[in-house]
Amino acid sequence: MARWENALTDVDIVQIRIQSAEGADHERLAETFGRTERYINQIVSGEVHTHLPLVEGRTRRLRARDIAERVVSLRGAGLRQGEIARQLGCAQSTVSRILKETFAAENA
């Protein structure tokens, strides 16, 4: 299997950060996503995947699917990717990837 075939998506990264903020054990997250606990710690702390928003504490309850739905909804309302990124506090490339992943899943 090629390395990129097992790559985490932006949605996976956000989901890891959200689950961690909600109190999920990093060892369990590592097992679930097939990564090391050290790498999960780096994802949660923002050391890696710096283009994606961090999730703070247990107060923020957005799930990765909710973020993707917001991106698709805002795009459907006619907003450009840059404006969507500004509103959601993430990189434009993140918005682009979410739209591509969503489009690919709908056409699969």
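Quick notes
- Only residues that are loosely packed, with under 12 Cβ neighbours inside 10 Å and in a helix (DSSP H, G or I) were counted across the stretch 38-48, and they come to 2.
- Some residue of the stretch 51-65 being part of a helix (DSSP H, G or I), at pLDDT below 85 and crowded, with 16+ Cβ neighbours inside 10 Å: yes
- Residues of the stretch 66-82 classified as surrounded by 15 or more Cβ atoms within 10 Å (Cβ to Cβ) and in a helix (DSSP H, G or I), total: 8
- From the options Arg97, Arg17, Arg35, residue that is at pLDDT 85 or above, surrounded by 14 or more Cβ atoms within 10 Å (Cβ to Cβ), not polar (S, T, N, Q) and not in a helix (DSSP H, G or I): Arg35
The values are calculated or read from the model by the stated rules, or taken from the named source; none is laboratory data. Please read these numbers as outputs of a predicted model, since none were measured by experiment. Virtual Cβ from ideal backbone geometry, glycine too; neighbours counted across all protein chains shown.
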